[in-house]
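Here the structure comes first, spelled out in structure tokens, and everything after it is commentary.
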Amino acid sequence: MAKHSNTVIDFDISGIEPQANFSANPEFQQVLARRLDRRRFLQGAVALAVGSFIGTSLSGCDSNVTAVSAAVKKGLLGFEAIATNRFDTITVPSDYSAKPFLPWGTPLLANAPAYKADGSNSAADQAMQIGSHHDGMHFFPIDVKTGGQHSEEGLLVMNHEYCDPKILHGATEGLLPRKASEVHKELAAHGVSVAHIKKQADGQWQLLQDSQYNRRITGMTPMALTGPVRGHAKVQTQYSPEGIATRGTLNNCSHGVTPWGTYLTCEENWAMLFVNRDSSMPREHRRYSISDLHSIMHWESAAREDAELQRFDASSIAEAATADFRNEPNTFGWIVEIDPFNPQSTPVKHTAMGRFAHEGIIFAKAEAGKPLVAYSGDDSRFEYIYKFVSTELYDPATAGPHLLDSGILYVARFNDDGSGEWLPLDLANADFMAKVTAAKVQFSDQADVLLNTRLAADIAGATKMDRPEWGAVHPDTGEVYFTLTNNDRRHNSQLNSANPRSTNTQGHIIRWREASTTSFNWDIFLLSGEAYTYTPQHQFMLTEENHHASPDGLWFDPNGLLWIQTDMSGSQLSGGAFGNNQMLVADVSSHQIKRFLVGPVGCEVTGVVMTPDCRTMFVNIQHPGEGSGPYSFSSTWPDRGTRRPRSSTVIITKDDGGIIGS
């Protein structure tokens, strides 16, 4: 562990994982350029970059579409689109209302201490309060286990992706080595909150603080490992010499919901929280960009004060180490299942679904007698999109966590003719094994493949993508949509008439339709960008009511409307035409898209869900005022005055009580 002498540090925790994929696999931008070079783009209310799929047609994707969709006929998307702005508030259409709810620090558990505006709450306090940096979330109706659709009471379960020490603590000096008390508070701010909420007679939602269901899952919560990696030598740690358990979940980004009514949280930029200073770093660390200098939060520097924090130094011989923590990072990067209705249950990390920077997990419609299918993106530059297919067949009567513990993990290859292939990462597959042999790489077993999912995908020949983030499955057609947020590492040599941007700083949304277990047909749904950007070759244009950049969050509501949330940062967020981060909504069959919400200064808009009756929407606002503090803040939302900003859920309703989006 490096020696520090009260060195002042500036926490830079807003960045994405450094590029780690330097394989020779084809990049999606190259495939896209060739694909678009011989295709026309649709025109309409928005000239969305879509077309009929090869060999089949997507509903509403004919280039001569003029019909208004059923959703619009029902009055949805009837609101007036709002303008971009840089106000330090939530802006929604004039006939809607938005109210902050469950901000960071809200007492969650019975007898939990009150939030202190000076940031002086302890780690023990934080472990009983709503966590920091709200992200993906889901509303579980209180009667969901019995098939009900209650819209006035349920469990709101949300992720807490990370924290900003300048805001989380009081007048912290930001010195090295880190204080153990601060590190433990930051660990307590990560994870998941389960909140039992109920709509009151006056129409306002309230947290039921004494509910048995309220729960915090943090960076210290005991968890079980299941699936092929359970018991493997590379997950044996001081905490679990048998390799069957671990502590905590970190950097929880997007999420998923199982067909049997449990919550899946996804570990994204976990690798940034570890360090390994060994001269020869194992591939399961190196390929995931674990630093050889220090972790992004410097948690390992507090180990001298608290030996328990040595776990974040994965060097073979860490300074003052009392144990070997080389395998600790291998217990992160998984999909974690939580049963919100069983507060005594142990969260489970499902290793069969692969290890990478999971942005989220979405399921295709579950059908009795067929395997369960789920998709997940690896949110880093030039990384991949994956599909998991369960070994066991889905049966509604017996469905449960076992379906996620055995199956085949595939990675996507996008061909330039609009077709695609799902490439198996399975040692039992002859084609994959031949590629492994040709690459002169050795995997000891299938567990080793899953521990090194990125390496396996490199060898399989997957297509390198522009930061695959959230996905969404259309509730009627089953088509899969994925945001590709951006990638500023594209080179000028990749420019052509179909791809005029020197770097993909503005992002796009891709979609596909499954053709078989191992094949699909794909096209581009939307290229993001500025209003009135026009390229004759593909006739692409957005307007002032829907221009945007860096699409991230994605969700289909029960009416088939697609909600798109943005995550701009840096100069793209602070200047230019896009204003603060926003949320738009699209009718995918009529190609109509409108801006519905603009968030406060410095925030990311991320996480959205509705009650089953579609009359209450929950949206998460993450890190308002990011990068400011500890003494002055660029945002004071939602508390106002001179108080520090707080990530928060927002409750949105239509003033006349109508359907959200109408």
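The values are calculated or read from the model by the stated rules, or taken from the named source; none is laboratory data. Please read these numbers as outputs of a predicted model, since none were measured by experiment. Cβ placement follows ideal geometry from the backbone for every residue including glycine, while neighbour counts extend to all protein chains displayed. To get the accessible areas, we keep the full protein, side chains included, count just its heavy atoms, and leave off ligands, DNA and RNA. Shrake-Rupley method; radii C 1.70, N 1.55, O 1.52, S 1.80 Å.
Shape of region 305-420 from the C-alpha gyration tensor: oblate (a/c of 1.5 or more and a/b not above b/c, with a ≥ b ≥ c the square roots of its eigenvalues). Taking amide H positions as modeled 1.01 Å from N, with prolines and chain starts lacking one, the residues under 5 Å from Q129 and 5 or more places away or on another chain are L108. Rolling a 1.4 angstrom probe over the protein heavy atoms with all chains in place gives region 216-372 an accessible area of 31 Å² per residue. When the trypsin sites (Lys or Arg not before Pro) in region 358-463 are filtered for DSSP coil states and for at most 16 other beta-carbon atoms within 10 Å of their beta-carbon, the remaining sites are K365, K440. Carbon-plus-sulfur accessible fraction, region 568-662 (probe radius 1.4 Å, protein heavy atoms only): 47%. Under the combined filter of DSSP loop state and at most 12 neighbouring Cβ atoms within 10 Å, region 600-662 retains these trypsin sites (Lys or Arg not before Pro): R640.
Averaging Cα coordinates gives a centre for region 548-584 and one for region 275-348; these two points are 32 Å apart. Looking at region 587-662, the accessible area is 26 square angstrom per residue; that uses a 1.4 Å probe and ignores ligands, DNA and RNA. The H on the amide N of D552, modeled in the peptide plane, is under 5 Å from the matching H of Q565, T566, D567, each at least 5 residues off or on a different chain. Rolling a 1.4 Å probe over the heavy atoms of the protein chains gives region 378-516 an accessible area of 34 Å² per residue. For region 378-523, the carbon plus sulfur part of the accessible surface works out to 49%, probe radius 1.4 Å.
Rounded to the nearest Hz, the phi-derived 3J(HN,Hα) couplings of region 508-518 under the Karplus curve 6.51 cos²θ - 1.76 cosθ + 1.60 (θ = phi - 60°) are 6, 10, 10, 9, 8, 10, 5, 9, 7, 4, 10, where x marks glycine and proline. Surface composition of region 90-142: carbon plus sulfur atoms contribute 59% of the solvent-accessible area (1.4 Å probe, protein chains only, all chains present).
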